[in-house]
Amino acid sequence: MSSYSVFILSAYLVVLVVLGGLTIASLSARNKVRRELSARGLDRKR
Amino acid sequence: MADLHFLANPARFRRFSQRVMPSLGFATVLAFAVGLYLALLQSPPDYQQGETVRIMFVHVPSAWLSMGGYALLAVLGASLLVWRHPLAALMARAAAPVGACFALVCLATGSLWGRPMWGTYWVWDARLTSMLLLFFLYLGHIALSRAYDDPDRGDRAAAILALVGVINLPIIKFSVDWWNTLHQPASITRLEGPAIHPTILIPLLWMAGSFLLLFILLVLVRTETEIDRRRLEIAEQSA
């Protein structure tokens, strides 16, 4: 890697943090809503 | 087109997304593994920009997806306002934060690419400013859709913003042709064909495909969540 590697690695780290964070947040929100539906007996076989 | 109308029903959409999501998730992970190998290890440094060209493999796909995501919001907004598709509002609520995150990635990686190439993290040129405006349009859409006690009113207000804001997309695309900008002109989507060597173009297109898979996956997951959340709200109101 060159002397610019700090910029390259930072760019990939931004991608990991933002898109990885969004993926984790989206999956956990889906699981939370599913649990609430299940607790209210609103989940159904699909 | 008949298939798209079939999916406009939230329950059918939910069944469809649950069927495709496992294979889509697997394909996304696999595509990113290959894409990162191509982008970081296999592709050569650029003859002018050296190793910093590797930032392009995440910067350009995120720019494309943030613009494509906003075009999707406009289509969904029109579907909501004109045809009142029940799924359009829920999918727009799901897609807006995804598009905003891709716009943020585009701005941040562009800034990190600009520092070594231009000597500055930011300049108020037409391309960068219109891209920043796109990010703010996404934030406005998210805020508007959640600003009312009645979610239908919020969805309609956000749909109008999506339709008005779509004028920014051609401005972003052609800003480098219409004005003198520090940002380089188009080098891929040109009438004369791409100006990039295949050893760099192929990893770029592969990464763009990986980003597209992730975008679709996130929109599906979040739309499913919005459908379930709306069911919970209806159940709470009727209790």
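Just so it is clear, none of the values below were taken in a lab; they were calculated from the coordinates. Not measured: the values here are computed from a predicted model. With ideal geometry, Cβ positions are generated from the backbone for all residues, glycine too; neighbour counts draw on all protein chains shown.
Once a ≥ b ≥ c are taken as the square roots of the eigenvalues of the Cα gyration tensor of the protein assembly as shown, is the result rounded (a/c under 1.5), prolate (a/b larger than b/c) or oblate (a/b not larger than b/c)?
Numbers: a/c = 2.17, a/b = 1.65, b/c = 1.32.
Verdict is prolate for the protein assembly as shown.
Mind checking the mean number of beta-carbon atoms from other chains within 10 Å of the Cβ atoms in B:99-106? Kindly include the intermediate steps, with their values, before the conclusion.
Working: counts 0, 2, 7, 4, 0, 4, 8, 0.
The mean count of partner-chain Cβ atoms within 10 Å per residue comes to 3.
Does anyone have the angle between helix B:86-118 and the longest principal axis of chain B? Alpha-carbon axes, 0 to 90°, nearest 10?
Taking the Cα atoms of chain B, the angle to B:86-118 is about 20 degrees.
Quick one: angle between helix A:5-39 and the longest Cα principal axis of chain A, in degrees between 0 and 90, rounded to 10, please.
That helix lies at roughly 0 degrees to the long axis.
Assign one of three labels to region B:30-142, namely rounded, prolate or oblate, based on the Cα gyration tensor with a ≥ b ≥ c the square roots of its eigenvalues; rounded applies when a/c is under 1.5, prolate when it is not and a/b is larger than b/c, and oblate otherwise.
Working: a/c = 3.55, a/b = 1.75, b/c = 2.03.
Oblate is the answer for region B:30-142, as a/c is 1.5 or above yet b/c matches or exceeds a/b.
Counting each DSSP H run of 4 or more residues in the protein assembly as shown as -39500 (n - 2.57), what helix-only mean residue ellipticity at 222 nm follows after dividing by all residues, to the nearest 500 deg cm²/dmol?
Working: 9 runs with 212 residues, N = 285.
Value at 222 nm, helices only: -26000 deg cm²/dmol.
Within a 10 angstrom radius of each residue's Cβ in B:109-122, how many Cβ atoms of other chains show up on average? Whole number is fine.
Details: counts 8, 1, 4, 10, 4, 1, 4, 6, 2, 0, 0, 0, 0, 0.
That average works out to 3.
Shape of chain A from its Cα gyration tensor (a ≥ b ≥ c, root eigenvalues): rounded if a/c is under 1.5, otherwise prolate when a/b > b/c, or oblate?
Numbers: a/c = 9.61, a/b = 5.43, b/c = 1.77.
Because a/c hits 1.5 or more and a/b exceeds b/c, chain A counts as prolate.
Find how much the distance from residue B:184 to residue B:163 grows on full extension, using 0.36 nm per residue of separation minus their present alpha carbon separation; answer in nm with one decimal.
Values: separation 21, 0.36 × 21 = 7.56 nm, distance 2.82 nm.
Roughly 4.7 nm would be gained on extension.
For chain B, just list the percent of Cα-Cα distances falling in each 10 Å bin from zero outward, please.
Bin by bin from 0 Å, the calculated values are 7, 28, 33, 22, 9, 2, 0.
Please work out the Cα center distance from region B:76-121 to region A:13-30, rounded to the nearest Å.
Value for the Cα centre distance between the two parts: 15 Å.
Could you go through region B:200-210 in sequence order and give the Karplus-derived ³J(HN,Hα) for each residue, using 6.51 cos²θ - 1.76 cosθ + 1.60 with θ = phi - 60°, rounded to whole Hz, and x for Gly and Pro?
9, 5, 5, x, 5, 5, 5, 5, 5, x, 5
Take the Cβ-Cβ distance between residue B:234 and residue A:5 as r, set R0 to 45 Å, and report the resulting FRET efficiency rounded to the nearest 0.05.
Details: r = 53 Å, r/R0 = 1.17.
With a Förster radius of 45 Å, E is 0.30.
Counting only C-alpha contacts under 8 Å and six or more residues apart, can you give the relative contact order of chain B as a whole percent? It would help to have the intermediate numbers written out before the result.
Numbers: 265 pairs, mean separation 71.3, N = 239.
Worked out over chain B, it gives 30 percent.
State to the nearest 20 debye the size of the charge dipole of chain A about its Cα centre, where the only charges are +1 on K and R beta carbons and -1 on D and E beta carbons. Show your work: numbers first, answer last.
On the way: 8 positive and 2 negative charges, 110 e Å.
Roughly 540 debye, rounded to the nearest 20.
Treating the angle as unsigned and between 0 and 90°, give the value, to the nearest 10°, between the Cα long axis of helix B:56-78 and the longest Cα principal axis of chain B.
30
At 0.36 nm per residue, and after removing the present C-alpha to C-alpha distance, how many nm does the segment from residue B:9 to residue B:84 gain when stretched out fully?
Numbers: separation 75, 0.36 × 75 = 27.00 nm, distance 1.16 nm.
Contour length minus Cα-Cα distance gives 25.8 nm.
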